[in-house]
Amino acid sequence: MESAESTGPMSLGSRLMNVFAAPGELFAAVAAAPFSVANWLVPAALVAAIGLFANLVVFSQPALVQQIVAMQDREIDRAVERGRIRAEDAPRVREAAQGLGMAVAKVAGGVGAAVAAVLTPLWWGFLGWLVGRWVFRAPVRYLRTVEVAGLASLVAGLGTLVGLFLAVGLGRLMAGPHLGLLVPDFDIGNRLHLTLGAINLFTLWQLALVAFGVSRLIQRAFLPVALVLAGLWAGYKGVAVILGWVQFAL
């Protein structure tokens, strides 16, 4: 097989396609080429567009909106039980949540999807940089690992679409390509459910791609890089589960 150097630079379109078709060829080309901000920003824009689309579809489905309302009611009940909301104020809080609160949730969902699309490669790139620079002592620059993470984030975009199809098809808001799919009544306040939801097929695929890309950048074997990166990922996901923040963890 010809090397990336002998075949010339890989086009942006080819880089985006090769995330799925030929990741080995892709990351060899990325490691051999100068830094390109497009490797981060273009995937981020595509993933943001997918997130915005998914958010619009979810809020257009009455069955899924009703589940959002049920989740809000459940959280209000918990707040009453813990003394954060007075029982006599609960009806007014519910009314506000189903009115203005629902509109805010729709906007926040769209904005959150766009922000997450930009921040996720920065976070995964930071984890990759920690592994490369401080564990394997390789002189890798942070923005180079952000390139790898940006390209790998396209897998997360695909995962969002698969999750959307599952949610709409099954009529379950929290359905997705994760172990939480096995739970009939997923509760975001249940740590076991959050743990199952964190074990997502597309997230693991994304993690493997980041590890593969970083291993090419630092010229180390894939498996040790993947094991260290997986350990870091499992650690921060574990903290997110304990705090109940896993649905917000990048």
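The values are calculated or read from the model by the stated rules, or taken from the named source; none is laboratory data. Everything numeric here is computed off the predicted structure, so don't read it as measured data. Counting neighbours? That spans all protein chains shown, and the Cβs are built from the backbone with ideal geometry, glycine included. We work out accessible area using only protein heavy atoms, side chains counted, and drop any ligands, DNA or RNA first. Shrake-Rupley method; radii C 1.70, N 1.55, O 1.52, S 1.80 Å.
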| On the given criteria, is Gly169 of a type in the set (Gly, Ala, Ser), closer than 24 Å to Val69 by Cβ and without any contact (Cβ under 8 Å) to a residue 12 or more places away in the chain? | yes
| field | Sole exception among (1) assigned to a loop (DSSP other than H, G, I, E, B); (2) over 30 Å from Leu119 (Cα atoms) for Met10, by number | value | (2)
| said: Quick check on segment 19-33. Is at least one of its residues in contact (Cβ under 8 Å) with a residue 24 or more places away in the chain, open to solvent by less than 60 Å² (accessible area, probe 1.4 Å) and under 18 Å from the mean Cα position of the chain (by Cα)? | reply: yes
| message | Just to be sure I understand the filter: pairs with C-beta atoms under 7 Å, separated by 6 or more residues or on different chains, first member in segment 178-200 and farther than 19 Å from Val162 by Cα, second member open to solvent by 30 Å² or more (accessible area, probe 1.4 Å) and polar (S, T, N, Q). Which pairs pass? | response | Ile188/Gln247
| Residue that is nearest to Gly238 (Cα to Cα) [pool: residues in segment 197-209 that are crowded, with 19+ Cβ neighbours inside 10 Å and modelled with pLDDT under 90] | Ala198
| Among Arg74, Arg86, which is more than 21 Å from Leu170 (Cβ to Cβ) and open to solvent by 30 Å² or more (accessible area, probe 1.4 Å)? | Arg86
| field | Residue check, Arg144 crowded, with 19+ Cβ neighbours inside 10 Å and of a type in the set (Lys, Arg) | value | yes
| remark: Filter segment 32-87 for residues that are β-branched (Val, Ile, Thr) and in a loop (DSSP other than H, G, I, E, B); the one that is farthest from Ala117 (Cα to Cα) is Ile85
| Given the conditions (1) modelled with pLDDT under 90; (2) of a type in the set (D, E, K, R); (3) open to solvent by 60 Å² or more (accessible area, probe 1.4 Å), which single one is not true for Arg216? | (1)
| query | When segment 35-49 is examined, which residues are found to be under 21 Å from Ala108 (Cα atoms) and open to solvent by 40 Å² or more (accessible area, probe 1.4 Å)? | reply | Ala45, Leu46, Ala49
| query | Considering segment 154-193 alone, what residues qualify as being open to solvent by 50 Å² or more (accessible area, probe 1.4 Å), within 30 Å of Ser14 (Cα to Cα) and among the β-branched types (Val, Ile, Thr)? | reply | Thr160
| said: Tell me yes or no: at least one residue of segment 15-22 is farther than 30 Å from Gly125 by Cβ and modelled with pLDDT of 80 or more. | reply: no
| task | From (1) under 22 Å from Leu122 (Cβ atoms); (2) open to solvent by 50 Å² or more (accessible area, probe 1.4 Å), pick out the condition that doesn't hold for Phe53. | result | (1)
